[in-house]
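See structure below.
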Amino acid sequence: MRLWSKGISYQFITGFRLDLPQTISVALVEPKYDINVGYVARIMKNFGLTELFLINPRLNYNDARKFASHGADILDGVEESKFDELKQKFDLLLGTTAISSRSSGNISRNTLLIEELSGKLKSFSGKICLIMGRDTTGLTNDEIISCDLIININTGTTYQSLNISHALAIILYELVKCKNPYSRKIASHNQKALVVKYAVELAKKSGIQKHKIIMIEKTIRQLLGRSLPTHREILLITGLLRKGINTLEEKIKRD
């Protein structure tokens with residue numbers, strides 16, 4: 001079984017019971033330190049996760065097992081994958097970064113604070129992949145742009161970079177606080193990609209400058225990621241964009 005079907009809950013020493021409504025997996029990008037991967041498996045076991053993806057790993061699995069404790073079985077079931085393949089397997093990609101945007105113009109680095117995450121996913125139902133970046137350099141800008149949401153953990157200091165296993169523990173604790181009384185199925189990556197495609201096409205036919213089109217594309221991707229639109233909402237937006245494109249094409253033919 002993957003992780004976290006409805007109705008499963010865990011009892012913490014504090015006495016609180018936290019429901020785990022989503023199906024969540026973890027992906028590590030180019031991990032190279034055995035100890036970090038082992039600790040990630042251990043943290044996943046603590047929170048009931050079972051599915052770990054490794055993208056271009058450079059480690060010794062046997063050495064990683066030494067640090068996994070009761071999570072060694074997670075390493076036994078590791079699946080190696082490519083980054084683009086995750087888009088097809090999951091409804092939502094949650095990226096992580098220690099570097100948040102200091103400027104409103106840096107759209108790709110606009111982040112969601114970890115304490116905002118529970119509320120954002122409160123009514124979400126679907127498969128989530130939590131993507132942890134490289135041990136030393138994190139995720140690239142292109143990888144960040146490919147994610148639906150980007151999470152940042154504010155440490156309150158100028159030293160924001162956390163070990164991936166420590167960051168994972170904090171994020172998962174926030175995720176298990178999500179309540180799910182009214183779940184909804186969000187649009188797939190392919191459906192959202194279609195909106196972006198039509199928006200770019202409309203911008204080109206409208207004569208918008210190329211450098212602005214690039215910014216428009218990034219902005220729409222970010223908006224779709226943060227808003228978690230439903231299938232019905234995406235259909236309405238797609239229909240509107242197609243109507244705009246057709247109208248422009250007819251006008252061009254008449255002129």
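Applying the criterion of at least 2 residues that are modelled with pLDDT of 90 or more to the strands (runs of 3 or more DSSP E) found wholly in region 5-65 leaves 23-29, 52-55. Among the residues in region 192-208, are any within 18 Å of the chain's Cα centre (by Cα), farther than 22 Å from LYS127 by Cβ and of a type outside the set (D, E, K, R)? Within region 192-208, none of the residues are within 18 Å of the chain's Cα centre (by Cα), farther than 22 Å from LYS127 by Cβ and of a type outside the set (D, E, K, R).
Filter region 79-111 down to the residues that are at pLDDT 80 or above and open to solvent by less than 30 Å² (accessible area, probe 1.4 Å) and list them by number. Of everything in region 79-111, those that are at pLDDT 80 or above and open to solvent by less than 30 Å² (accessible area, probe 1.4 Å) turn out to be SER81, PHE83, LEU86, PHE90, ASP91, LEU92, LEU93, LEU94, GLY95, THR96, THR97.
Scan region 130-162 residue by residue and report those that are without any contact (Cβ under 8 Å) to a residue 24 or more places away in the chain and either farther than 17 Å from VAL40 by Cα or touching a Cys at 6+ places or on another chain (Cβ under 8 Å) (or both). Residues satisfying the conditions are THR137, THR140, ASP142, THR155, GLY156, THR157, THR158, TYR159. Cβ-Cβ distance below 7 Å, separation of 6 or more or different chains: which pairs start in region 229-244 with a residue that is under 22 Å from GLY126 (Cα atoms) and end on one that is open to solvent by 80 Å² or more (accessible area, probe 1.4 Å) and small (Gly, Ala, Ser)? Going by the 7 Å Cβ cut-off, there are no qualifying pairs. Within region 14-31, residues that are closer than 19 Å to SER165 by Cβ have Cβ atoms under 8 Å from residues that are at pLDDT 50 or above and among the small types (Gly, Ala, Ser) in these pairs: ALA27/SER81; VAL29/GLY133, counting only partners at least 6 apart in sequence or on another chain.
Within the set ASN60, ASN36, the sole residue that is surrounded by fewer than 17 Cβ atoms within 10 Å (Cβ to Cβ) and touching a helix residue (DSSP H, G or I) at 6+ places or on another chain (Cβ under 9 Å) turns out to be ASN60.
The values are calculated or read from the model by the stated rules, or taken from the named source; none is laboratory data. In this text the structure is predicted, and so the values were computed from the model without any measurement. Neighbour counts are summed over all protein chains in view; Cβ atoms, including those assigned to glycine, are modelled from backbone coordinates with ideal geometry. Ligands, DNA and RNA are excluded from the accessible area calculation, which covers all protein heavy atoms including side chains. Shrake-Rupley method; radii C 1.70, N 1.55, O 1.52, S 1.80 Å.
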